[in-house]
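Enquirer: Structure provided below as structure tokens; questions to follow.
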Amino acid sequence: MERFGKMTLSIRNLDPAVAMHHLTTALRPVKRKVADVYRLHELVDGAADHQRLSFLDAYLGYNQIPMYPRDEAKIAFITDSANFCYRVMSFGLKNAGATYQRLMDKIFSRQIRACLEVYVDDIVIKSNFATDHLKDLKTIFDEVRRHHMRLNPAKCKFGVAGGKFLGFMLSNRGIEANPDKCQAVINMRSPLNVKEIMKAHVRWTPAYRCTPQSSTKETPFRLTYGTDAMVPVEVGEPSLRRTQFNEDANGEALNIELDLVEEVREQALANMEACRTRAVRKIRTKVRPREFQAGDLVWRVIEEARKDKAQGKLAPNWDGPFRIMHNLQNGAYKLEELNGKVIPRT
């Protein structure tokens with residue numbers, strides 16, 4: 001139990017040799033790369049589909065990281081009695097989370113991906129077999145004890161079959177639907193008037209444009225511009241690296257994407273035709289063949305060549321009724337109008 005923190009205990013800072021926080025105020029936040037955004041999904045996928053899971057909380061505000069001595073003056077504050085500065089990293093700093101993540105990656109470098117996944121202060125211990133879970137727990141607690149870390153007992157769960165990690169529900173069956181999010185969708189009130197429908201339309205449109213359609217396997221945005229839409233995400237971690245924007249190179253890259261639009265559209269057309277074929281085949285499996293006799297009244301399908309182009313999508317698909325004159329076998333019939341006029345080529 002000594003590895004669980006209590007606020008009544010004296011707080012012991014982490015070893016500066018393990019981690020130390022640097023504060024660079026001269027640089028601006030940089031754009032997060034797409035690979036960094038996908039890393040969260042990789043963590044969730046890596047923690048799912050295991051028989052035993054344990055969820056730990058690394059006590060974000062308890063395990064304090066020392067400040068770099070030269071940066072202590074940069075976060076000084078003034079009081080009525082004197083001027084003070086922080087000796088340890090304050091979590092109000094914009095890049096504090098990144099420093100804490102580097103600390104966790106360094107402490108658990110040998111266990112990450114093997115039996116552990118960690119994101120800032122959220123830790124999940126995973127085991128493929130229930131018999132190996134105690135051994136994995138002992139390995140993690142040995143590292144925690146060696147670096148004098150503390151865990152939050154109120155948020156720890158041990159040896160469970162499933163739980164929540166980074167907002168996703170994990171179990172031995174994989175990633176499952178979050179009940180809280182499902183309940184929010186169920187409780188969502190339907191629009192009652194045109195104004196509410198238009199407000200909801202603002203939320204639906206981006207999701208529709210950026211979601212692959214089942215018929216084309218592509219997003220409408222990609223079929224139009226040749227590339228998928230990306231949501232820019234900013235993080236507060238500064239970097240010495242600078243992205244130098246080149247307008248000519250950017251325009252050339254956009255032109256290359258547009259050159260590939262035709263190939264994407266052709267592939268989408270092939271996917272759409274295959275989807276249509278599957279739908280027709282599925283419908284025809286439910287159709288029961290039926291024989292008509294002379295004198296029966298029937299409707300005739302209007303083929304594309306006989307449709308009125310002026311009516312567009314509103315053109316009827318059926319014409320009739322007609323009376324059957326003769327049964328020509330194999331599904332072919334001779335038709336006539338109700339007034340006795342024979343229909344040619346039937």
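Nothing in this text is a laboratory measurement; each read-out follows from the coordinates by a stated rule. Keep in mind that what you see is a predicted model, and the values were worked out from it rather than measured. Note that we place each Cβ from the backbone using ideal geometry, even for glycine, and neighbour counts take in every protein chain shown.
Enquirer: Please tell me the relative contact order of segment 29-182 in percent, rounded to the nearest whole number, where contacts are Cα pairs under 8 Å and at least six residues apart. Mind showing how you got there, number by number?
Expert: Numbers: 211 pairs, mean separation 59.2, N = 154.
Relative contact order, segment 29-182: 38 percent.
Enquirer: Moving on. Under the Karplus relation 6.51 cos²θ - 1.76 cosθ + 1.60, θ = phi - 60°, what is the ordered set of whole-Hz ³J(HN,Hα) values for segment 97-102, x standing for Gly and Pro?
Expert: With the stated coefficients, segment 97-102 comes to x, 5, 5, 5, 5, 5 Hz.
Enquirer: So which of 155/199; 74/106; 282/307; 286/307; 307/334; 199/282 end up more than 30 Å apart by C-alpha? Please list the in-between numbers first.
Expert: Values: 155/199 39 Å; 74/106 26 Å; 282/307 26 Å; 286/307 27 Å; 307/334 21 Å; 199/282 37 Å.
Distance filter (> 30 Å) returns 155/199; 199/282.
Enquirer: Which stretch or stretches of segment 157-189 have amide N atoms under 18 Å from the point lying 7 Å from residue 200's Cα along the Cα→Cβ direction?
Expert: Hits in segment 157-189 for residue 200 at 18 Å: 182-189.
Enquirer: Tell me which residues come under 5 Å, amide H to amide H, from residue 333 once H is placed; ignore anything under 5 positions away on its chain.
Expert: The list, which skips near neighbours in sequence, is 328.
Enquirer: Also, quick follow-up: Can you run phi through the Karplus equation (6.51, -1.76, 1.60; θ = phi - 60°) for segment 69-74 and list ³J(HN,Hα) in whole Hz, with x for Gly and Pro?
Expert: Values, residue by residue: x, 6, 9, 5, 5, 6 Hz.
Enquirer: Using the per-residue mean of other Cβ atoms lying within 10 Å as a proxy for protection, in what order, highest first, do the peptides 264-276, 71-83, 303-315 fall?
Expert: Values: 264-276: 14.2, 71-83: 10.2, 303-315: 8.4.
Packing proxy ranking, top to bottom: 264-276, 71-83, 303-315.
Enquirer: Hey, what do the phi angles of segment 114-127 turn into as Karplus ³J(HN,Hα) couplings, whole Hz, using 6.51/-1.76/1.60 and θ = phi - 60°, x for Gly and Pro?
Expert: With the stated coefficients, segment 114-127 comes to 7, 9, 8, 10, 9, 9, 6, 9, 8, 10, 10, 9, 10, 9 Hz.
Enquirer: Per-residue counts of other Cβ atoms within 10 Å, averaged by peptide: what ranking do you get for 133-140, 45-52, 194-201, 289-296, highest first? Intermediate values should be presented prior to the final figure.
Expert: Details: 133-140: 16.0, 45-52: 18.4, 194-201: 10.6, 289-296: 9.0.
The most tightly packed comes first, giving 45-52, 133-140, 194-201, 289-296.
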